[in-house]
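The values are calculated or read from the model by the stated rules, or taken from the named source; none is laboratory data. As the structure is a prediction and not an experimental result, all values here were calculated from the model. Because the Cβ atoms are built from the backbone with ideal geometry, glycine has one as well, and the counts that use them run over all protein chains shown. Side chains included, ligands, DNA and RNA excluded: accessible areas come from the protein's heavy atoms. Shrake-Rupley method; radii C 1.70, N 1.55, O 1.52, S 1.80 Å.
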Amino acid sequence: MTTPSQTEVGVLLTNLGSPDAPTPSALRRYLAEFLWDPRVVEFPRVAWWLILHGIILRLRPRRSARLYQSIWSEEGSPLIAITRRQAAGVEPRLRRRLGAEVPVVVAMRYGNPSIEAGLAALDARGVRRVLVLPLYPQYSASTTASTFDAVAEVLRRTRHIPELRFVGEYHRDAGYLDSLAASIRAHRERHGAAEQLLFSFHGIPQRYADAGDPYPGQCEATASAVARRLGLRDGEWRLTFQSRFGREPWLQPYTDHTLGELAAAGVRRVEVVCPGFAADCLETLEEIEGENRELFLEAGGEEFAYIAALNDAPDHLDALAAIAARNLAGWVEPETADER
């Protein structure tokens, strides 16, 4: 097969997104886009519009802005800064694997840089074959499918659409699982093992799972696979869900409730890892390392350790490049055998 030109094939690396700034006005714009997505909030549109604009967007932006201020860095949003580093690390790895230039462009489902801007950047480089790689290892309609919707909406308005491939999930990918196990193992080598390891995933409403969303099963598969790699026995680890919103039941057990129960039961040391987050963000840095740490310690726990997301760790970038390379098969063939 002929090796493609530098601009023929490209990767759109996506994640959820962040506000443009940690301010109430920026949060209001961001939350209006995020919470209006019907994949995120499955609720009658007219009633939800009244709740969203009449209550939530009047109250939540100011509180959320304070939370974002606590994690904001000189680079801006940690999520976006890390995703940019991930793209910068995946691109040369693809070049080495495939023997061809494959541009990797960052885009966010909500906020900036947008999906539309990312696709436009690839188009400007002459890319006619686009691989979309959402950084959601576990599939959910509220994340992965929503990204597909956004890509499709942009292309619906495009005269000359590119060929398209889409990575739906990679929750069982060996490189991803090995990276998770290695990060936990490295943490324990430095600090020792805690009594309990919690695999905390972002939750979704229980009714989404009841309607057929495969997300909880994929979270269980990931956590179990990593536990096996670490040689953990039953009772040494737990699967929990965080970040619930609103009053209806979400996937359980809840991370915060579990931490309180563990402390009350006499568990003094816990570790929490968040395998569903490819990059550290508000939900890991503020919710887990901040709020949940405080909750556990106030309930009687003594040591709380958050094990950072995989971020731009070299083995994580290797895994992402391998996933992309496999999904580019047929569009571009490697000149040499794959090497991790």
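Here is a check on your reading of the model: is Ser73 surrounded by 14 or more Cβ atoms within 10 Å (Cβ to Cβ), of a type in the set (Gly, Ala, Ser) and either free of Cβ contacts under 8 Å to residues at least 24 places away in the same chain or within 21 Å of Ala308 (Cβ to Cβ) (or both)? Criteria not met by Ser73. No other residue among Thr14, Thr23 is surrounded by fewer than 18 Cβ atoms within 10 Å (Cβ to Cβ), among the polar types (S, T, N, Q) and in contact (Cβ under 8 Å) with a residue 12 or more places away in the chain apart from Thr23.
One residue stands out in region 195-222 among those that are in a helix (DSSP H, G or I) and charged (D, E, K, R): the one that is surrounded by the most Cβ atoms within 10 Å (Cβ to Cβ), namely Glu220. On the stretch given as region 120-160, residues that are more than 13 Å from Asn15 (Cα to Cα), open to solvent by 30 Å² or more (accessible area, probe 1.4 Å) and assigned to a helix (DSSP H, G or I) total 8.
Restricting to region 76-95, and then to whatever is basic (Lys, Arg) and touching a residue at least 60 places away in the same chain (Cβ under 8 Å), can you tell me which residue is surrounded by the fewest Cβ atoms within 10 Å (Cβ to Cβ)? First the steps, then the outcome.
Kept after step one, since they are basic (Lys, Arg), are these residues of region 76-95: 84-85, 93, 95.
Still in the list and also touching a residue at least 60 places away in the same chain (Cβ under 8 Å): 85, 93.
Details: Arg85: 16, Arg93: 21.
Only one residue tops the list, namely Arg85.
Cβ-Cβ contacts under 6 Å between residues 6 or more apart (or on different chains), taken from a first residue in region 229-244 that is part of a strand (DSSP E or B) and of a type in the set (Phe, Trp, Tyr) to a second residue that is modelled with pLDDT of 95 or more and surrounded by 14 or more Cβ atoms within 10 Å (Cβ to Cβ), are listed as Trp237/Leu197; Trp237/Ala227; Phe241/Phe201; Phe241/Gly203; Phe241/Leu251. With respect to the conditions (1) touching a helix residue (DSSP H, G or I) at 6+ places or on another chain (Cβ under 8 Å); (2) over 30 Å from Pro216 (Cα atoms), Gly126 lacks only one, and its number is (1).
Leu262 meets each of the listed conditions (1) of a type outside the set (Phe, Trp, Tyr); (2) farther than 24 Å from Asp178 by Cβ; (3) within 22 Å of the chain's Cα centre (by Cα); (4) in a helix (DSSP H, G or I) apart from (3). Scan region 102-119 for residues that are part of a loop (DSSP other than H, G, I, E, B), within 16 Å of the chain's Cα centre (by Cα) and surrounded by 22 or more Cβ atoms within 10 Å (Cβ to Cβ) and the total you get is 2.
So in region 164-192, with the set limited to residues that are of a type in the set (Asp, Glu) and touching a residue at least 60 places away in the same chain (Cβ under 8 Å), which one is most open to solvent (accessible area, probe 1.4 Å)? Quick ask: steps written out before the conclusion?
Here is the first cut: in region 164-192, the residues of a type in the set (Asp, Glu) are 169, 173, 178, 189.
Next, only the ones that are touching a residue at least 60 places away in the same chain (Cβ under 8 Å) stay: 173, 178.
Values: Asp173: 20, Asp178: 78 Å².
The qualifying residue most open to solvent (accessible area, probe 1.4 Å) is Asp178.
Mind checking which residues of region 161-194 are not in a helix (DSSP H, G or I) and not small (Gly, Ala, Ser)? Matches in region 161-194: Ile161, Pro162, Glu163, Leu164, Arg165, Phe166, Val167, Glu169, Tyr170, His171, Arg172, Asp173. Among residues of region 112-135 that are under 22 Å from Ala32 (Cα atoms), those with a Cβ under 7 angstrom from a residue that is of a type in the set (D, E, K, R) and assigned to a loop (DSSP other than H, G, I, E, B), sequence gap 6+ or separate chain, pair up as Asn112/Asp20; Ile115/Arg109.
When residues in region 298-309 are screened for being touching a residue at least 40 places away in the same chain (Cβ under 8 Å), open to solvent by 20 Å² or more (accessible area, probe 1.4 Å) and not in a strand (DSSP E or B), 2 of them pass. Taken over region 267-297, the criterion of being touching a helix residue (DSSP H, G or I) at 6+ places or on another chain (Cβ under 8 Å), among the acidic types (Asp, Glu) and outside any strand (DSSP E or B) is satisfied by Asp280, Glu286, Glu291.
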